[in-house]
Each structure stands twice: as structure tokens, then as C-alpha cells.
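Before any comments, here is the structure.
Since every read-out is calculated from the coordinates, none of them should be taken as a lab result. Nothing here was measured: the structure is a model prediction, and the numbers come from that model. Reconstructed Cβ throughout: ideal geometry from the backbone, glycine too, with neighbour counts over all protein chains shown.
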Amino acid sequence: MAEAEKVDDDIQDLRDRFLNSEFDEVTFEIDGERVAQYALACGETSPKFTDPGHDDFQAPPTFVSTLVGRRNMPSDFPDLGGMGMDAGKGVEWKAPVRAGETLTGRSHLHDIYTKTGRSGRMVFLVTRMELFDSSGTHVANADTRTVIREKIRA
Amino acid sequence: MPDTVSNIGEVEFGSELPSFAPDTSTDNTKRFGKYVGWDSPRFTDHEGARKEGLPGAIVPGVLSQGFLGAMIHRWAPEAEIIAIDTVFRAPVLADTPHTITGTVTDIDEDEGTVEIDITITNEAGENRVFGTATAKLPT
């Protein structure tokens with residue numbers, strides 16, 4: 001967590017049970033046309049991102065946010081009683097992702113924390129997919145932050 | 001600061017990046033849906049989105065995040081974005097003008113990195129998406 005603060009007991013229980021345990025592994029074939037069309041839609045102008053024929057063609061770093069695993073939560077994660085909303089995306093870039101590569105994405109819950117507002121407690125779940133190329137090089141982390149606006153059941 | 005920078009020495013603390021008007025059109029979200037994903041009516045069709053209770057079609061969050069990255073690359077073509085975190089505060093409505101602004105909030109000349117705060121704002125001046133990025137530039 002970003003700040004050291006008191007953690008509710010039910011959240012600490014979820015953290016103890018679920019953080020940092022891999023629950024999904026999936027492979028992705030990186031298609032050059034998909035990369036180029038992603039870059040163009042985003043407004044990229046460099047041929048490094050938009051032209052699959054460019055010598056240094058690679059995906060914009062944010063492209064890895066489009067790689068979706070089979071599931072976003074562990075199969076035995078409890079129903080927290082509210083509808084999950086996409087609260088944000090994060091990317092840590094470590095090496096270029098290039099067309100033709102096969103990436104392996106391994107997902108785990110990276111963080112669970114709460115914020116309390118006027119409408120009550122919000123639970124944030126951060127799912128991290130670690131992405132590796134075929135040589136085992138760690139090329140990126142892609143985080144998805146889901147917020148659930150409802151009091152968690154103990 | 002010039003409209004584009006090529007190395008860390010050209011970056012000034014507190015300076016603003018050139019603003020960028022992202023393509024929020026449904027033509028663009030349809031293309032995104034066709035080639036990348038997120039082709040649900042909520043992203044590509046106003047009427048379909050209204051049937052889901054939305055005020056109109058919205059831009060996928062992953063596309064909004066991509067807008068932020070493109071803005072940085074337009075400003076610093078040689079930059080490597082090594083981290084970017086995006087907070088979706090409210091939907092970005094398709095087919096409505098939005099503006100992306102960015103400010104340099106930190107510079108580490110030894111590491112060759114800059115920190116940038118970036119915001120997508122609608123015509124009413126409401127912040128819809130907020131991001132922070134770390135980019136590495138040639139020294």
C-alpha cells in the first residue's frame with residue numbers, strides 16, 4: 001500500500017489470503033497490425049509505433065493494458081457485495097514489446113486497500129499481470145485497479 | 001520550453017507540455033473496437049450506450065490511457081515511458097471535445113527521467129482522467 005495506515009480486519013484477512021498468489025497464466029501472440037492500429041487510435045505519430053515495417057517497430061508502452069487474462073480475480077475470491085468498476089490502469093515498462101513475440105502473462109492480486117468517502121467504504125483491488133517474453137525476460141507489468149463501492153461483508 | 005524536446009537538458013521544471021486534443025470520435029472507438037477490442041455498444045454507439053444507462057458512448061479507459069502516452073511521445077519523441085498510472089475519475093464521452101494537459105513535476109538529470117502529471121479535461125473543465133508518468137530521455 002502507498003501509505004502506512006490501519007487496515008480493517010476483514011481487508012487484512014483478504015490480504016493475507018490472496019496477495020501475491022498467482023491465479024492465472026495466459027499467452028498472447030503480439031500482432032503487428034493490432035499494435036499499429038492501437039497506436040494510431042491513441043494518436044501516436046512515430047513510425048516506430050505505427051509502421052509494422054519500421055526497423056524499430058514496437059508497441060507503445062500502454063499497449064500491454066489491452067492484454068486481458070482469462071480472469072481478473074482468483075476463482076475463490078469472495079463476493080464483496082458491490083459492482084466492480086474499472087478505477088484505473090498502470091503500466092511499468094521494462095523492455096520493448098515487438099510484433100511476432102509470444103508473451104506470457106501471469107496474474108496475481110498485488111494490493112487490496114480501502115478508502116472511505118461520503119458514500120461509505122470503497123475497496124480497491126489491484127490485479128497485476130507480469131508479462132514475460134519467450135526468453136523469460138520480464139518486459140512489463142500491467143495493473144488493473146478495480147473499485148467496489150460497498151461495505152465488505154466480514 | 002520548445003514544443004518538442006530531445007534530451008533531458010531541454011526540460012524545465014514546472015513547464016507545461018503542448019496540449020493535445022485526443023480523437024474521441026466514435027469513428028475512432030469503432031476502429032479501436034475492430035482492431036484492438038472493447039467493441040461493445042457502450043463504446044461505439046450512443047444509442048446502445050444509453051440503453052445501458054450511460055449518457056452516451058464512452059471512450060474505453062485503455063484508449064484514454066493510450067492518449068496520455070501519445071501526448072508524451074509527441075512532446076518528447078525519444079522518450080521511453082517507463083511507468084504510467086492512470087486514474088479513471090469519470091467517463092470520457094465520445095464525440096465530445098476533450099483536452100489533455102501535462103506538467104513536468106520533477107526532473108532527475110542523473111537518471112535522465114522526468115515526472116509528468118497529465119489530465120484529460122472536458123469542455124466544462126471537468127477532469128475525467130488523471131495520470132502520472134515517468135519518462136526517460138536521452139541525457
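What shape does the range A:1-64 take by its C-alpha gyration tensor, where a ≥ b ≥ c are the square roots of the eigenvalues and a/c under 1.5 counts as rounded, a/b above b/c as prolate, and the rest as oblate? Don't skip to the end; give the middle numbers.
Numbers: a/c = 4.65, a/b = 2.57, b/c = 1.81.
Prolate.
Relative to the longest principal axis of the Cα atoms of chain A, the long axis of helix A:32-42 lies at roughly 70 degrees. Taking chain B as the reference, fit the longest principal axis to its C-alpha atoms, fit the long axis of helix B:61-75 to the helix C-alpha atoms, and give the angle between the two in degrees, 0 to 90, nearest 10. The helix B:61-75 is inclined about 30 degrees to chain B. Restricting the range B:1-44 to GluC sites (Glu not before Pro) that sit in a DSSP loop and have at most 14 other Cβ atoms within 10 Å of their own Cβ leaves B:E12. The label-point distance for A:A99 and B:F13, in a model that sets each label 7 Å from Cα toward Cβ, rounds to 4.3 nm.
Ranking B:V104, B:W75, B:F88 by how far each Cα lies toward the positive end of the dipole of the range B:47-104 (charges on Cβ) leaves B:F88 at the top.
Rounded to two decimals, what is Rg over Rh for chain B when you use alpha-carbon atoms and the Kirkwood radius? Please list the in-between numbers first.
Working: Rg = 16.1 Å, Rh = 15.6 Å.
When Rh is taken as the Kirkwood radius, the ratio is 1.03.
Exposed loop positions in chain A were taken to be trypsin sites (Lys or Arg not before Pro) whose DSSP state is not H, G, I, E or B and which have at most 13 other beta-carbon atoms within 10 angstrom. Between these positions, the longest stretch is A:7-69.
Classify the range A:36-137 as rounded, prolate or oblate, taking a ≥ b ≥ c as the square roots of the eigenvalues of its Cα gyration tensor: rounded when a/c is under 1.5, otherwise prolate if a/b is larger than b/c and oblate if not.
Details: a/c = 3.13, a/b = 1.91, b/c = 1.64.
In terms of gyration-tensor shape, prolate.
Assigning unit charges at the beta carbon (Lys, Arg +1; Asp, Glu -1) and nothing else, what dipole magnitude in debye, to the nearest 20, does the range A:1-122 show about its Cα centre? Kindly include the intermediate steps, with their values, before the conclusion.
Values: 14 positive and 23 negative charges, 56 e Å.
That gives the range A:1-122 a dipole magnitude of about 280 debye.
Between the Cα long axis of helix B:26-35 and the first principal axis of chain B there is an angle of about 80°, rounded to the nearest 10.
Across all Cα atoms of the protein assembly as shown, the radius of gyration (one decimal) and Dmax (whole number) stand at 19.1, 55 Å. For a paramagnetic label modelled on A:D10 (point 7 Å from Cα along Cα→Cβ), amide N atoms under 18 Å away belong, within the range A:43-78, to A:76-78.
Okay, helix-only estimate at 222 nm for the protein assembly as shown: each DSSP H run of n ≥ 4 adds -39500 (n - 2.57), divide by all residues, round to 500 deg cm²/dmol; what do you get? Intermediate values should be presented prior to the final figure.
Values: 7 runs with 60 residues, N = 293.
Computed ellipticity for the protein assembly as shown at 222 nm equals -5500 deg cm²/dmol.
The simple Förster model, with R0 at 25 Å and r as the Cβ-Cβ distance, assigns B:S40 and A:F77 a FRET efficiency of 0.55.
Any idea what the relative contact order of chain B is, in percent, if you count C-alpha pairs under 8 Å spaced at least 6 apart? Present the calculation step by step, with values, prior to reporting the outcome.
Values: 303 pairs, mean separation 41.1, N = 139.
Once normalised by length, the contact order is 30 percent.
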